[in-house]
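Chemist: Would you mind keeping the following structure in view while I ask a few things?
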Amino acid sequence: MAAVTSPVTACGDLKGVSLGKLFDTQFPTREYVLEPWFRTGESCLIWAGSGVGKTMLTLSLALAIAGGGKVWEWTAPKPRKVLIVDGEMNLMDLQDRLRMLLGNGAVDRVDRAAAGRNLEVIARQAQDPESEFFDITLQDHQLALLERCRKDKVEVLIIDNLSTVADGLADENDSTAFRTVQTFLLRMKAAGITTILVHHARKDGQEPRGSTALNTTFEVILGLKKPAVSTPGKASFVAAFSKFRAKGDGTIAPKTWSLEDTGWKVEDDQEDSLVQTLKAFQSLNFVSQQEVADALGVNKGTVSRRAQLIVARGLATEDGLKGYLGEARGLRDRQAAGHSLDLDDTGPDDNSDF
């Protein structure tokens, strides 16, 4: 009688670690790919509508990472090997954009020799028409791309964009369909390869297209939305982080970016700052524009200009803003006198700031 052999158990080679060994393990310090918001081994989603500027920003980041450079206040501490898998653009267009970004100062402090060695592009439009391009929903394609990254010692993989390298993704709104993409991202993460995935926004431009199930995979999610006023034909957007796990700082606050002849111009997001300022007035915690300014960490002149814009955009009236300050003064006076608070008694107006 033939011996009965046990079937190979699926996932039988997966590794485990005891609590004791976990506590004894000395992990290396996680380095920054882009300081202060993106670290080695993490994955990032950059999403935006068509024509907003997501490819321009992504190429800027790629150049900075490959050459140890800087994009605005975001710094790549050292050059790293970068692979861009582009499923859409012509190589000539990529050449033009990369030259322009290096030439106009959009990317600063770049070691051009290092960037020349470190940055590689695999473009769909540069392949033979009969060639099969990467489809990250297919396991054999995932493994082939992983092997390519390992062979070339790629540290950072950039996919631009999801729709052009995921032919097998039948329905972007189906969370089950997105599992193959999640598998790819997690596979790259397990291999220690830092990944940036570029994706389109929904038609309203307010969220990334497709199932929200994909969002759980990323350590960083950066959305680029059209500003209230933009220049046709020019990359311009409000960049806002909805998720990040690194330390962060003031540079991850919402900012308005526009690509000028002299590089990226980055300013405070006007819409966000106006709402923040109006809420400060409405809180009834401040009796003057100076106190509002101190609370927001800006000078009084900035608050005055924001107040004028608040009125100009119809978010509040000048009398309304004066009323908030006057009501706050009345509340503070009554608190100091130990009286009960009566919100109907607004107290004297303080017109000195207007």
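The values are calculated or read from the model by the stated rules, or taken from the named source; none is laboratory data. Quantities reported herein were computed from a predicted structural model and do not represent experimental measurements. With ideal geometry, Cβ positions are generated from the backbone for all residues, glycine too; neighbour counts draw on all protein chains shown. Heavy atoms of the whole protein, side chains included, go into the accessibility calculation; ligands, DNA and RNA do not. Shrake-Rupley method; radii C 1.70, N 1.55, O 1.52, S 1.80 Å.
Chemist: Round to a whole number: what % of the accessible area of segment 181-261 belongs to carbon and sulfur, probe 1.4 Å?
Modeler: Accessible surface attributable to carbon and sulfur in segment 181-261 totals 50 percent.
Chemist: If you place +1 on the Cβ of every Lys and Arg and -1 on the Cβ of every Asp and Glu, how big does the dipole about the Cα centre of the chain come out, in debye to the nearest 20?
Modeler: 1040 debye
Chemist: Could you point to the label whose value was computed as Rg and Dmax of the Cα atoms in Å for the structure here, given (1) 20.4, 61; (2) 25.9, 102; (3) 22.5, 87?
Modeler: Checked against the structure: label (2).
Chemist: Express the accessible area of segment 185-247 per residue in Å², computed with a 1.4 Å probe while the remaining protein chains stay in the model.
Modeler: Solvent-accessible surface per residue comes out at 47 Å².
Chemist: Related question: Sorted by packing (mean other beta-carbon atoms within 10 Å per residue), highest first, where do 161-169, 97-105, 54-62 land?
Modeler: Final packing ranking: 54-62, 161-169, 97-105.
Chemist: Would you mind checking the pairs 54/279; 21/153; 203/226; 54/265 and listing those with alpha carbons more than 19 angstrom apart?
Modeler: Checking Cα-Cα distances, 54/279; 21/153 exceed 19 Å.
Chemist: Here's something else I'd like to know. Give me the percent of DSSP beta bridges within the chain that run antiparallel, rounded to the nearest 5.
Modeler: Roughly 45 percent of the beta bridges in the chain run antiparallel, per DSSP.
Chemist: Hey, another quick one. Which residue, chosen from 27, 315, 163, occupies the Cα position most advanced towards the positive end of the dipole of the chain, where the dipole is computed from +1 (Lys, Arg) and -1 (Asp, Glu) charges on Cβ about the Cα centre?
Modeler: 27
Chemist: Continuing with the same structure: In terms of Cα to Cα distance under 18 Å, which aspartates and glutamates are near enough to residue 247, apart from those fewer than 8 places away along the same chain?
Modeler: 31, 35, 42, 73, 219
Chemist: Taking the Cα atoms only, what angle lies between the long axis of helix 179-190 and the longest principal axis of the chain, rounded to 10 degrees?
Modeler: 90 degrees
Chemist: What are the lysines whose alpha-carbon lies under 17 Å from the alpha-carbon of residue 15, with same-chain residues fewer than 8 places away excluded?
Modeler: Cα-Cα hits under 17 Å: 189.
Chemist: If you count, for each residue, the other Cβ atoms within 10 Å and average over each peptide, how do 219-227, 318-326, 27-35 line up from highest to lowest?
Modeler: For the peptides 219-227, 318-326, 27-35, the packing ranking is 219-227, 318-326, 27-35.
Chemist: Now for a separate question. For residue 124, what charge total do you get from the other residues with a beta carbon under 10 Å from its beta carbon, if Lys and Arg give +1 and Asp and Glu give -1?
Modeler: Computed value for this residue: -2.
Chemist: So if we plug the beta-carbon distance of residue 241 and residue 130 into 1/(1 + (r/R0)^6) with R0 = 35 Å, what FRET efficiency do we get, rounded to 0.05?
Modeler: 0.25
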